[in-house]
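Trainee: Got a structure for you, questions after.
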There are 2 protein chains.
Amino acid sequence: MISKNKFRQIVSLQKKKERDESRTYVIEGDKIVREYLKSGTRIKLLVAKPEFVSSLKISEKECIGEIETCNYEELKKISTLTAPHNALALVSYPDSRTDPAEILRELSVALDFVQDPGNLGTIIRSAAWFGIRNIICSFNCVDLYNPKVIQATMGAILNVNVHYMSLNEFLKTANDSGVPVYGALLEGNRIYDESFERRGVILLGNESKGISEELTPFITKKIYIPKYTDASYGIESLNVSMAASVIFSEFARRNG
Amino acid sequence: MISKNKFRQIVSLQKKKERDESRTYVIEGDKIVREYLKSGTRIKLLVAKPEFVSSLKISEKECIGEIETCNYEELKKISTLTAPHNALALVSYPDSRTDPAEILRELSVALDFVQDPGNLGTIIRSAAWFGIRNIICSFNCVDLYNPKVIQATMGAILNVNVHYMSLNEFLKTANDSGVPVYGALLEGNRIYDESFERRGVILLGNESKGISEELTPFITKKIYIPKYTDASYGIESLNVSMAASVIFSEFARRNG
């Protein structure tokens, strides 16, 4: 039985303001909670069905500050999912330092005004797969700790640092350090014919507006995923997270 | 002002049974409705704000059986979106014929138990981009006309025929005709090193279970998108629609 206070605390974390104030976010679902535990990430509070709790190893329990068992009905009340899983947990924001110079030593991703939580989540998941460790989000991107973003990462967030900062500043630093900025644009060059360096920034824009005009001067190479069809309706662009995966794959294929 | 009857009819189409019986589905959002109109697809009923209606060209209005103007509050009541757009329309199922022999003349995609509407929608969108014209879904895939699928295609559905049929039968026909079946499997060969034919079937499996065991014997080439990281938590697999895009891109790059 979850206390009223805990209930209120958990539900309040659906709001960004509350998350930022307590530097705490919610992860949901058996698979994600297990991935966090396997990785040794500290969990502040675990709320789960008794079966889930009893399935945990001692080493996993040691990572958990507090455990509350509950039933399905209670989980349903605190969950943001229509069909909640068996476990939900509260985790602290990581203490990740943002050092542009360090980030620019390898391949990174910059997202300009990506609004859809599913898109940010799957971009994180793809980045993790292709070994990209840093994503820089403009301040107007969707919040990383939005439950739908966390859900879509399927735990891949454990491998990627997501930084919120001014893209103007970040891309200027890239330019000043001679690090290439690859911008995904409809008027870019065929990505398959381009050459890529091992370090660089892949810049992706908003779902409907693309990359902001003020950021295009920072682009040093314009890239484009060619469209293989003559059809003219309903295929103005690829979804941003699809484009991201194709681009990450192209970089990995050449430099992997 | 929408009549009670029309209101009931539109809302009832949120259910697959009602859609199948009337062979009618709902498209929502200014962009998608405009794409349908541009393409000359017949619209049975358009429900939209007066501004939207008055912005239509005569040639577009000629494609519409019936027009009802309404306000935001009314749209909100018939919409499945939390923030409805300015227009919603009813469209008939297309009369697409399923002829496996014809489909197998070019590259197609077979989806085994893909459940998430967003995944099916973005796979359709990517397929359209890369010029793939046929997708074969197992009967247990999510329904094509689920509003979330249609939404995620962003109109790309106008360029792709989606067929529901037994994958056992379809893949057997492929095998019998000597058409390669490329299965996306974690134990497959690096996709970048493989050779591909211009015709073939790309087989993709369920979001968590992958390709069903009963279908693996039909696979003639196992392919795999290499993972470029040593990290071991939270990156068991790529999301199925991300994997689809990367695979489509690889086929397009070699054969485009």
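Read-outs: derived from the displayed coordinates by stated rules, not from any lab. What you see is a predicted model; the values in this text were computed from it and never measured. Cβ placement follows ideal geometry from the backbone for every residue including glycine, while neighbour counts extend to all protein chains displayed.
Trainee: In units of 2.2 N^0.38 Å, what is the alpha-carbon radius of gyration of segment A:86-182? Could you put the intermediate results ahead of the total?
Mentor: On the way: Rg = 13.5 Å, N = 97, 2.2 N^0.38 = 12.5 Å.
Here the answer is 1.08, to two decimals.
Trainee: With no solvent and one equal point scatterer per Cα, compute the Debye intensity ratio I(q)/I(0) for segment A:157-210 at 0.15, 0.17, 0.19 Å⁻¹ and report its log10, rounded to two decimals.
Mentor: Log10 I(q)/I(0), no solvent term: -0.56, -0.72, -0.88.
Trainee: Okay, next question. For residue A:148 and residue A:194, FRET efficiency with R0 = 30 Å and r from the beta-carbon atoms, rounded to 0.05? Present the calculation step by step, with values, prior to reporting the outcome.
Mentor: Working: r = 33 Å, r/R0 = 1.10.
After rounding to 0.05, the efficiency reads 0.35.
Trainee: Using the Cα centre of chain A as origin and beta-carbon charges of +1 (Lys, Arg) and -1 (Asp, Glu), tell me which of A:119, A:33, A:165 is placed farthest towards the positive end of the dipole.
Mentor: So the residue furthest toward the plus end is A:33.
Trainee: If I model a spin label at residue A:106 and residue B:207 as a point 7 Å from the Cα along the Cα→Cβ vector, what separation in nanometres do I get?
Mentor: Spacing of the two 7 Å Cα→Cβ label points: 2.9 nm.
Trainee: Using the Cα centre as the reference, give the magnitude of the dipole from point charges on the C-beta atoms of segment A:118-203 (Lys, Arg: +1; Asp, Glu: -1; all else neutral), rounded to the nearest 20 debye. Kindly include the intermediate steps, with their values, before the conclusion.
Mentor: Values: 7 positive and 7 negative charges, 60 e Å.
Roughly 300 debye, rounded to the nearest 20.
Trainee: For label points placed 7 Å from Cα toward Cβ, what is the shortest-first list of nm distances from residue A:66 to its copies?
Mentor: Nearest to farthest, the other copies are at 5.8 nm.
Trainee: Taking every pair of distinct Cα atoms and averaging 1/r, then inverting, what Kirkwood hydrodynamic radius in Å comes out for segment A:100-255? Walk me through the numbers on the way to the answer.
Mentor: Details: mean 1/r = 0.0646 Å⁻¹.
Averaging 1/r across every pair of different Cα atoms and inverting gives 15.5 Å.
Trainee: Sticking with this one: Hey, got the average number of other protein chain Cβ atoms within 10 angstrom for residues in A:185-197?
Mentor: On the way: counts 0, 0, 0, 0, 0, 2, 2, 6, 1, 0, 0, 0, 0.
Mean number of neighbouring Cβ atoms from other chains: 1.
Trainee: By Kyte-Doolittle mean hydropathy of at least -0.5 and Cα axial length of at least 20 Å, which whole DSSP H helices of chain A are selected? List each step's numbers first, then the result.
Mentor: Working: long enough: A:240-255 (22 Å, 0.46).
Answer set is A:240-255.
Trainee: Follow-up question, since we're still on this one. Once you measure Cβ to Cβ distances between cysteines in the protein assembly as shown, which Cys have no partner under 4.7 Å?
Mentor: Within the protein assembly as shown, the cysteines lacking a partner Cβ under 4.7 Å are A:63, A:70, B:63, B:70.
Trainee: Here is a further query. Provide A:222, A:44 in ascending order of the number of other Cβ atoms located within 10 Å of each residue's Cβ, fewest first.
Mentor: Ranked by crowding around the Cβ, least crowded first: A:44, A:222.
Trainee: Which semi-axis lengths, in whole Å and largest first, follow from the square roots of five times the eigenvalues of the Cα gyration tensor of segment A:1-156?
Mentor: Numbers: eigenvalues 161, 60, 40 Å².
In descending order the semi-axes read 28, 17, 14 Å.
Trainee: On average, how many beta carbons from a partner chain sit within 10 Å of the beta carbon of a residue in A:242-255? Could you put the intermediate results ahead of the total?
Mentor: Values: counts 13, 4, 2, 11, 12, 2, 4, 14, 5, 1, 7, 11, 1, 1.
The per-residue average across the peptide is 6.
Trainee: A further question on this structure: Summarise the partner chain shielding of B:157-169 as one whole number: the mean count of Cβ atoms from other chains within 10 Å of each residue's Cβ. List each step's numbers first, then the result.
Mentor: Details: counts 2, 5, 7, 4, 0, 0, 0, 0, 0, 0, 0, 0, 0.
The mean count of partner-chain Cβ atoms within 10 Å per residue comes to 1.
Trainee: Ratio to report: Rg/Rh of segment A:4-92, with Cα atoms as the point set and Rh obtained by the Kirkwood method; give two decimals. Please report the intermediate quantities before stating the final value.
Mentor: Numbers: Rg = 12.2 Å, Rh = 13.0 Å.
Over the Cα atoms of segment A:4-92, Rg/Rh equals 0.94.
Trainee: List the distances, in nm to one decimal, from the label point of residue B:55 to the label points of the same position in every other copy, shortest first, placing each label point 7 Å from Cα along the Cα-to-Cβ direction.
Mentor: Values, ascending and in nm: 4.9.
Trainee: Turning to a different aspect of this structure: For a quick check: sort B:7, A:248, A:113 by the number of other beta carbons within 10 angstrom, fewest at the front.
Mentor: Going from sparsest to densest Cβ surroundings: B:7, A:113, A:248.
Trainee: Under a plain spin-label model, where a point goes 7 Å from the Cα along Cα-to-Cβ, how far apart in nm are residue B:98 and residue B:176?
Mentor: Going by the 7 Å Cα→Cβ label model, 1.6 nm.
Trainee: If I stretch the segment between residue A:21 and residue A:73 completely, what's the gain in nm (0.36 nm per residue apart, minus their alpha carbon distance), one decimal?
Mentor: On the way: separation 52, 0.36 × 52 = 18.72 nm, distance 2.83 nm.
Gain on stretching residue A:21 to residue A:73: 15.9 nm.
Trainee: With just the Cα atoms defining each centre, how far is segment A:59-76 from segment A:117-138? Give it in Å.
Mentor: Spelled out, the Cα-based centre of one part sits 28 Å from the other.
Trainee: Continuing with the same structure: Using square roots of five times the C-alpha gyration tensor eigenvalues, list the equivalent-ellipsoid semi-axes of the protein assembly as shown in whole Å, biggest first.
Mentor: On the way: eigenvalues 245, 176, 137 Å².
Value: 35, 30, 26 Å, ordered largest first.
Trainee: Just the projected area, averaged over all directions, of the convex hull on the alpha carbon atoms of segment B:181-256: how many nm²?
Mentor: Values: hull surface 21.0 nm².
Averaging across all directions leaves 5.2 nm² for the Cα convex hull.
Trainee: Place the label 7 angstrom along Cα→C-beta at residue A:232 and in each other copy, then list the distances from the first to the rest in nm, shortest first.
Mentor: Values, ascending and in nm: 5.6.
Trainee: Counting other C-beta atoms within 10 Å, which of B:52, A:139 has the fewest, and how do the rest follow? Walk me through the intermediate numbers first.
Mentor: Working: B:52 19, A:139 9.
Going from sparsest to densest Cβ surroundings: A:139, B:52.
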